[in-house]
Amino acid sequence: QVQLVESGGGLVQPGGSLRLSCAASGSISSFNAVGWYRQAPGKERELVASITRTLANYANTVKGRFSISRDNAKNSVYLQMNSLKPEDTSVYYCTGGKCGIGYWGTGNLVTVSS
């Protein structure tokens with residue numbers, strides 16, 4: 001069983017930056033894609049960013065501000081978040097998919113507030 005553990009969340013002021021990390025218990029190279037979802041209070045779940053072995057995709061709401069990356073050697077996925085806005089406040093989930101099965105972390109809270 002693959003386990004995903006997020007870290008790096010917390011409280012940050014508007015305009016600040018955070019870097020989320022996702023550590024996998026197994027090889028992330030086996031995933032067709034890895035990514036980050038978020039769900040803010042009272043809002044629908046949103047796919048923030050995803051990445052295959054070579055191609056990254058972003059939600060329009062975070063383009064130019066967020067950057068996803070993966071380190072296969074460390075079995076880790078990262079989400080660099082810059083120019084954070086209050087509307088970025090959410091629980092962020094690391095995800096991976098292979099063979100039609102999705103794997104989810106337990107979530108990491110990011111709060112953007114003065």
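The values are calculated or read from the model by the stated rules, or taken from the named source; none is laboratory data. It should be emphasised that the depicted structure is a prediction, and the values quoted were computed from it without experimental measurement. All Cβ positions, even for glycine, are placed from backbone atoms using ideal geometry, and neighbour counts span all protein chains on display. Only protein heavy atoms, including side chains, enter the accessible area calculation; ligands, DNA and RNA are left aside. Shrake-Rupley method; radii C 1.70, N 1.55, O 1.52, S 1.80 Å.
Looking at region 37-45, can you tell me whether even one residue there is free of Cβ contacts under 8 Å to residues at least 40 places away in the same chain, within 30 Å of Gln1 (Cβ to Cβ) and part of a strand (DSSP E or B)?
no
Please enumerate the residues belonging to region 53-68 that are open to solvent by 50 Å² or more (accessible area, probe 1.4 Å) and either more than 17 Å from Thr89 (Cβ to Cβ) or in a strand (DSSP E or B) (or both).
Answer for region 53-68, where residues must be open to solvent by 50 Å² or more (accessible area, probe 1.4 Å) and either more than 17 Å from Thr89 (Cβ to Cβ) or in a strand (DSSP E or B) (or both): Arg53, Thr54, Leu55, Asn57, Tyr58, Asn60, Lys63, Gly64, Ser67.
Got at least one residue in region 85-92 being surrounded by 14 or more Cβ atoms within 10 Å (Cβ to Cβ) and of a type in the set (A, V, I, L, M)?
yes
Might you let me know whether region 22-35 holds any residue that is surrounded by 14 or more Cβ atoms within 10 Å (Cβ to Cβ), outside any strand (DSSP E or B) and at pLDDT 90 or above?
No, region 22-35 has no match at all.
Taking into account only those residues within region 83-105 that are of a type in the set (S, T, N, Q) and touching a strand residue (DSSP E or B) at 6+ places or on another chain (Cβ under 7 Å), which is nearest to Arg38 (Cα to Cα)?
Once the filter is applied, the top-ranked residue is Ser90.
Take region 98-114 and flag every residue that is open to solvent by 20 Å² or more (accessible area, probe 1.4 Å), of a type outside the set (Lys, Arg) and part of a strand (DSSP E or B).
Listed by number, the residues that qualify are Ile101, Gly102, Tyr103, Trp104, Asn108, Leu109, Thr111.
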